[in-house]
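The values are calculated or read from the model by the stated rules, or taken from the named source; none is laboratory data. Since we're looking at a predicted model, the values are computed, not measured. A quick note on method: Cβ atoms are made from the backbone with ideal geometry, for glycine too, and the neighbour counts reach across all protein chains shown. Protein only, heavy atoms only, side chains kept; ligands, DNA and RNA dropped before computing areas. Shrake-Rupley method; radii C 1.70, N 1.55, O 1.52, S 1.80 Å.
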Amino acid sequence: SNKEIRTQRFRYRPYSPGGTPFGTSDRRYLTMNNIGYAFTVKTGEGSSSSRSTVTTSFFDLGRYKEYHFEDLYGYDLCSLTEDGALFAQSKIGRLHYRAHNNVESWNKLVPLQNSEKITSVAATSKKIVVGTSLGYVRTFNLFGLPLEIEKVAPVVALAAQDYKVFAVHFSPHHGITYTLFEQNAQTGSKYYNRETSLPIKLPVDLENDDVEELSETFAAFSPLGIKSVFFSAYGDPCVFGADDVLLVLSRWRSVAQSRWIPLMDTKLELWKSSNGREVKDLHVWPLGLTFNVLNHILVKGHHVWPDFPMPLPSEMEVRVPMLIKSEIQLGRDAENEQELQIPVQMAAEEEFVRSKFMSELLTDTLEHEGEVYGNETQILASLNAAYDKSLLRLFATACSEQDIGKALTLAQELKQDKALNAAVKIAERAELMNLMRRVNDIREARYEQQLNNV
Amino acid sequence: SNKEIRTQRFRYRPYSPGGTPFGTSDRRYLTMNNIGYAFTVKTGEGSSSSRSTVTTSFFDLGRYKEYHFEDLYGYDLCSLTEDGALFAQSKIGRLHYRAHNNVESWNKLVPLQNSEKITSVAATSKKIVVGTSLGYVRTFNLFGLPLEIEKVAPVVALAAQDYKVFAVHFSPHHGITYTLFEQNAQTGSKYYNRETSLPIKLPVDLENDDVEELSETFAAFSPLGIKSVFFSAYGDPCVFGADDVLLVLSRWRSVAQSRWIPLMDTKLELWKSSNGREVKDLHVWPLGLTFNVLNHILVKGHHVWPDFPMPLPSEMEVRVPMLIKSEIQLGRDAENEQELQIPVQMAAEEEFVRSKFMSELLTDTLEHEGEVYGNETQILASLNAAYDKSLLRLFATACSEQDIGKALTLAQELKQDKALNAAVKIAERAELMNLMRRVNDIREARYEQQLNNV
Amino acid sequence: SNKEIRTQRFRYRPYSPGGTPFGTSDRRYLTMNNIGYAFTVKTGEGSSSSRSTVTTSFFDLGRYKEYHFEDLYGYDLCSLTEDGALFAQSKIGRLHYRAHNNVESWNKLVPLQNSEKITSVAATSKKIVVGTSLGYVRTFNLFGLPLEIEKVAPVVALAAQDYKVFAVHFSPHHGITYTLFEQNAQTGSKYYNRETSLPIKLPVDLENDDVEELSETFAAFSPLGIKSVFFSAYGDPCVFGADDVLLVLSRWRSVAQSRWIPLMDTKLELWKSSNGREVKDLHVWPLGLTFNVLNHILVKGHHVWPDFPMPLPSEMEVRVPMLIKSEIQLGRDAENEQELQIPVQMAAEEEFVRSKFMSELLTDTLEHEGEVYGNETQILASLNAAYDKSLLRLFATACSEQDIGKALTLAQELKQDKALNAAVKIAERAELMNLMRRVNDIREARYEQQLNNV
C-alpha cells in the first residue's frame, strides 16, 4: 500500500530492435527482424571475458548465407539490413560495418564525451545513424563519411528505412518522445515529428502484476520496456512495447496530424487463440509487420524473449483491440473442447474499424510513395469491400432491433453504391419503409453530387 | 525548510467538468455547466453502497424538465449536453446515454485492460469521446458505433463542442499537456494541437498556503486541481485551474500559433469586489464563458466547491490580471465604507489589453465559423471603440507628463482615424505642437496607404 | 553506488545572460554580452544590505561611456542593449529602464501573484519582455506600455533581438523547453517554436565529476546550468550550457524543421590549445557569437565565472566536435614542446561538416533577412570553397586507399564544377580509370541538368 516511488537515476543501455538480454546464459541476440538475426556468444574464459563470437543468421536460407566472426571489441549493438550489418560497441564508440557479400567492410570511431554511450545504431541501404545517451545523433553515408550532427533528447532506440529514421528518446526532464525524419541528399531533409510524445509507459510505471511478468532482467536491458521498433513493409513506424500492444503511426506525412493506432493487443489474441484461457507462459516476440500480418517468434516458457536455438517465425493477423472479454461466450465445440463465440456485432465493429485503419495507412503510402509490391490497389478494393460488409452486418442488426436512428447513421458511413443498394433491400425485408426511403435518398444525393463533380 | 518532495504514484481519477467530491456527504455533483448539472445520491444502506439515485437538473426550467433514475452501476462520470446526458462507470467501462426527451437511450461497454479506467467522457450533439488512464481515446457516433481509437498520453479531462474535442493529459513522463482536435466525417479529421504543454500546475507543486486552501480532498478528487474545462460560447477552449485563473486558448486554428491568455484572476476580482479585503471563505466555481462573462457559482464557506442545494448562478465580467495591488488606493466612500480607487492609467492599460484580446478571439471565430449569435460585428465595433478610448486616455496622460516619445507610440497603436484626430486635439490642447504634427503625419501616411490599396 | 536521486523542489532564480553569482564576494555581474556588462556592488553595511551601486560598462570605450547609479531596490536582473539597460527586481516586480544617453528613463511595477518572481527580462530596441516563475510572459513597448500577456511553462531565461524573443522554460512537469517567437506590430506575431524540447541537462543530472567542476554555487545560481543564451550576430538563437558546448538553432524559420547544432565543444578546444593537456582551471565564459567566432572571457582559477576586474575578451573559432582524442598523435615540435597532430582525414571531415553548417545558417539568414553586414555573399563563396576543398582531401585519401565506392560518394557531394574537375585529375593520377570515368559522368549529368533548367 506504500505508493511512493523512488526515483532512480535512469541508466542508458545499448539497445537494438528485437535484441535480448544475456540473462544467465553466455549468449544473446543482438538484434532480430524480418530478415534475420545476429547473436553473440561469449568465448573468453576467466577474466578475458570480452572475447566473443558474433554470428549473423537469416530466415531466408536460399537468399543469404550465415556467417560469423571473432569479436575482440565486445560489440553490443547491431543493425541488420538486406545488404549488410552494422555493429557497434557502445562504450568505446566503435562502428564496424560489413556487407553480407563480404566485399566491403570498414571501421570507424565515433567521438564520445565523458560518460557518453552509443545507445542505438541504425543502417539502411542509404544511410547510417548513431544515437547516444547525451542525445548526439550523427548521420554517416554508407562508407562512414560524417554528414550531419545534431543534439536532441537522449536516444534510447533507433530504426531506419531507406532515408527515413525513427528515434525514441527518454530523459527524466524530456519524457518519452519520438522523432521521425528523412535525410535525403537529393530531396533535402525533412522532420515529420520532432520529440513528440510517445504513448508508452516505463516498466517502472506498470502495475505490479505486469512488472513481474516482464521481469527485472528485461526492464534493466530495455529501460523503456520496448521489445522492438521497426518500419512496416509499407513504411510506417511501429513500436511494440512492454504491454505487448502493436502501435503503428498513421498520417505522419501531414504536419501535426500523426497519431498512434493500436493495431493489435497480442495478449488478447493469445487469450483468444487459447480459447479464453489465461496464458502466463506464452509471449509474442515481434519481428516485423507486413501489411496485416505480425511476423513474430512465439516464445514459450519463463522468459518473455526468445532463447536458443531460434524457433521458426509465426504469423498473426492484426485485430484492433475492441473485444469485451466479459461479453464473449465460452462454448463447447463438437468434441467438447472449450471454444470462443465472439458476438457478431462485436466482430463486425472490429472489422469496420480495422478496415478503416488499414485503408488509411495504405492510401497514405500509395499517395506518397506509389505502389510498393504492385498489388496495393487490389488490397485497397478488398479493404473497402470488408468495410462495407461489416457495416451492412451492423445495419441488419439495427434493423432487426428497429433502431432506425442508428441504422441511418450506419448507412451514411457506407462507401459503395452497391452496399447502399444492399442496405435498401435489408430495410425492405425488415419492413422499415421509412428507413428504406431515407437510404434511397442518400443514394440519390450521392449520385447528384457525382454528376455535379463531372 | 525541508524542500524534498516525495514522488507519489499518480492516481488517475474519473473526472467530469465542474464535478465535485463527496467530501463527507452522501451526494456530489457529477458535472456542472451552463446548461445544468447532474448529481448522484448514495441510497444503498450498509454494505450495498453502490446503489444510487442520479438526478439531471437544468438552470433553464422553462426549456428542460429535471429527471432522475435509479443507478445500479455507480456511474461516476457524466457529460451533459443540450440534447442528452452521457453517464459512465470508470472501472467497469460502462456507458449509458439518454436523451433528455427520454425517447432514446443505449448502453455499451468499453474494453479496458487490466488496471485501466475511464477517466473522462464527453458528448456533443455529433460525437461521443471516451478517454482512459492508459491513454486510449475512443470516439463513437451518437448511437455508440465505434469510429476511431488511438493511443495518446493518459487522459485526465475531456470537453467537447460539436466536432471539436479538447483533452487534458498527464503522466509523470509526458507532463501536463492538452490535445485539441476535430473529427468531422464530412470535412475530415484535423489536429490543432497534439499533447502540447498546458501551463497549469499540479496541486502538489503549489505553495503550501494555496494547497491548504484547495484542500487535500479536492486534490485527491481532481489530481491536476482543475475545477472545470469547457468551450466558450464562441468556441474557444477554456481551463479553470487550482489557481482560480481563467485561461482561454487563442489563435488555435493557426498551426503552432495557439497561446493561453489569462482572461481573469477570479481571486483578484473577489478581492476587488470585497473592496480590498482578503476573502478566505469565498470561491468562484466556474460554469462557462459567454463572450466576456464568466457564469459561475459563488461558493461561500469552507469548501472550494458548491454544496447542496445548488445556489443560483452568478456572473462576472472578465478583467485581464494587470492590477498592482500596492498601487491601488483604499479610500472611503460617502458612508465611510472602504472603497477601491484604481488609478486611471492602470484601468486604461487593462482595458487596452482586454479589448485587444477579446477582439482577437472574436475575429478568429467570425472568420472561421461565421456569426454565431448574429450580433458579433456590432460587438467587434464596440471592442475597437473601447480599444481606442483606452489608448486615448493613456495618450492624454503621456501628454500631461510631456512624454512625447511614449505619446507617439500610443498614437501608432490607434485603430480608427477619428481616434487619431482626437489625439491631434489632445496634443494641441497640451501645446505639444511637434507631437501634434507627428500624429498628423501618421494620419496622412495611413490615408495614402488606403488610397494605394484601392 | 547509491543511484537514487532525491527530487528537490526546483527553485526559480532571477537569471540574466552571462550573469554571475556573488560567491563569497560583495559584487557580481548582473549580465554580460558582446556590448558590455552591468555589475552590482553591495554598499549597505550591517543590516541595510539591500543598498547597492550598479555600474554599466562597455567593451567599446570609444562608443559608450561607463555610468553608475545608487540602487535602492536591489536590482537582480538586467538586459543590456546598444541603446539602454533594463533592470528588474525579481521579488517586488519593479522594472527600471534607462537609455545609455541618459535622456530617457522610466519605472514600472509588474503584477506578481503570491510566490511569483520575475525570473528573466529581455530588452531590444523594439520591445521589452518579462518572464516569471509562474510562466506569465508580459511584453511591453519601449515606454512600458503593456502589449501582450500569455501563460506558458515557467520561464528560466530570456534573450531577445529586434522583434524576436527566445525563452527557456523549466518545470518538473513540463521539462526543459524553449520558445522562439516574433512580435511585430507591422507584420504580426509568429511562433517559430513553442515549448519545444531543449537538449540540455540539469546540473543535477550531470555525472559527479562534472558537477564538482561546475560547483554547487553556480548550480544554485543558474538552476539549468546555463552560462548564457543570446542571438548570434546573424540572428540565430544560441545556448551555452553547463557542458560548455555551444548549441546554435538552425532552420528555425521553417515549421517543425529547427534543430540544435553543436557548433563547438569549448572544453575540447581548450584541450587542443593546451596541446593535449587536461586543463582543470581554465574555462570559457561566453559573450556572443559573430559568424564563426565565439567572443568570450577566458576564466582562470577556481570558479567557472569571471571575477573582478573584468579581463579582456578573447576570440575562439568554432570547430564542430568531431575529434577522437585517442586518434590524435601527441608529437614534439622543434623545441621539444608537446604538440598535437590532428590526422588529415579527421580535420577534413570536420571542415566538411562545419562549412556545411555555417553555409546553411548563413543562407537561411540571407534568404529571410537579406544582407546584415554586406559581405555575406563573399563569405558564402569561401564556405563553398572550403566545403569542396575538404571533400577533395577526403577523395584523395580514398583514392590512395583504392576505395572506389567511397571516393564516388565523396565526388557526388562536391558542389562546384571545378572541384569535380580536380577530382577527375586526382583519380587519373591514382590510375583509377573507372573512377575517373564515373566522376566525369557526374559532371556531364549536371551539365545536362543545367541546360534543361535554362
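Here are a few things to note about the model shown:
- Residues in segment A:163-201 that, when all protein chains are in place, have 50 Å² or more less accessible area than the chain alone would give (probe 1.4 Å): A:HIS173, A:HIS174, A:TYR191, A:ARG194, A:SER197, A:PRO199
- Computed [θ] at 222 nm, deg cm²/dmol, chain A (DSSP H ≥ 4; -39,500 (n - 2.57); rounded to nearest 500): -8500 deg cm²/dmol
- Taken residue by residue and averaged, Cβ atoms of other chains lying within 10 Å of the Cβ of A:254-260 number 6.
- Cα-based shape type of segment B:361-421, given that a ≥ b ≥ c are square roots of the gyration tensor eigenvalues and the cut on a/c is 1.5: prolate
- Cα gyration tensor, segment C:298-450 - rounded (a/c under 1.5), prolate or oblate: oblate
- The residues of segment C:328-454 expose on average 56 square angstrom of accessible surface per residue, using a 1.4 Å probe on protein heavy atoms.
- Close amide H contacts of C:PHE291 (hydrogens built in the peptide plane, cut-off under 5 Å, sequence separation of 5 or more or a different chain): C:ALA233, C:TYR234.
- The phi torsions of segment A:30-39, fed into the Karplus equation with coefficients 6.51, -1.76 and 1.60 and a -60° offset, translate into couplings of 6, 7, 6, 7, 4, 7, x, 7, 10, 9 Hz, rounded to whole numbers, with Gly and Pro shown as x.
- Look at the stretch C:318-324: the mean tally of other chain Cβ atoms within 10 Å of its residues' Cβ atoms is 3.
- When each of the peptides B:71-77, C:314-320 is scored by the mean number of other C-beta atoms lying within 10 Å of its residues, the order from highest to lowest reads B:71-77, C:314-320.
- Geometric extent, Cα atoms of segment A:89-247 - Rg, Dmax (angstrom): 16.1, 50
- Shape summary: the protein assembly as shown maps onto an equivalent ellipsoid whose semi-axes, from the alpha-carbon gyration tensor, are 48, 48, 31 Å in decreasing order.
- Unsatisfied cross-links (Cα-Cα over 30 Å) in the set B:LYS151/C:LYS127; A:LYS415/B:LYS151; A:LYS151/B:LYS356; B:LYS280/C:LYS151: B:LYS151/C:LYS127; A:LYS151/B:LYS356
- Per residue, segment A:222-293 exposes 23 Å² of solvent-accessible protein surface, assessed with a 1.4 angstrom probe and all protein chains in place.
- Qualifying chymotrypsin sites (Phe, Trp or Tyr not before Pro) for segment A:129-158 [loop in DSSP, other Cβ within 10 Å: at most 11]: none
- Sorted from shortest to longest, the distances between the C:ASP60 label points of this copy and the other copies are 6.6, 6.6 nm, with each point 7 Å from Cα along the line through the beta carbon.
- Probe 1.4 Å, protein heavy atoms only - accessible area per residue of segment B:30-180 in square angstrom: 34 Å²
- Principal-axis tilt of helix C:417-429 within chain C, Cα atoms, nearest 10 degrees: 50 degrees
- Shortest-first distances to equivalent copies, position A:GLY23, nm, label 7 Å out along Cβ: 5.7, 5.7
- Rg/Rh (Cα only; Kirkwood hydrodynamic radius) as it applies to segment B:308-380: 1.14
- 10 Å Cβ neighbours from other chains, averaged over peptide A:139-146: 5
- All aspartates and glutamates inside 12 Å of B:LYS227 as judged from Cα atoms, apart from same-chain residues fewer than 8 positions distant: B:ASP243, B:ASP244
- Protection proxy ranking, peptides A:351-358, B:332-339, average beta carbon neighbours within 10 Å, highest first: A:351-358, B:332-339
- For B:LYS418, the point set 7 Å out from Cα toward Cβ sits 6.8, 6.8 nm from its twins in the other copies, listed from shortest up.
- Of the peptides A:83-91, A:105-113, C:193-201, the ranking by mean beta-carbon count within 10 Å, highest at the top, reads C:193-201, A:83-91, A:105-113.
- Accessible area buried by the pairing of A and B, both sides summed with a 1.4 Å probe, works out to roughly 3600 Å².
- Ignoring aspartates and glutamates fewer than eight residues from C:LYS65 along the same chain, the ones with Cα atoms less than 15 angstrom from its Cα are C:GLU82, C:ASP83.
- Cross-link partners for C:LYS91 among the aspartates and glutamates, with Cα-Cα distance under 17 Å and sequence neighbours closer than 8 places in the same chain left out: B:GLU207, B:GLU327, C:ASP71, C:ASP76, C:GLU116.
- Rounded to the nearest Hz, the phi-derived 3J(HN,Hα) couplings of segment B:218-224 under the Karplus curve 6.51 cos²θ - 1.76 cosθ + 1.60 (θ = phi - 60°) are 6, 5, 6, 6, 10, x, 9, where x marks glycine and proline.
- Qualifying GluC sites (Glu not before Pro) for segment A:28-120 [loop in DSSP, other Cβ within 10 Å: at most 12]: A:GLU45, A:GLU66
- Accessible-area composition of the protein assembly as shown, carbon plus sulfur, in percent [1.4 Å probe]: 47 percent
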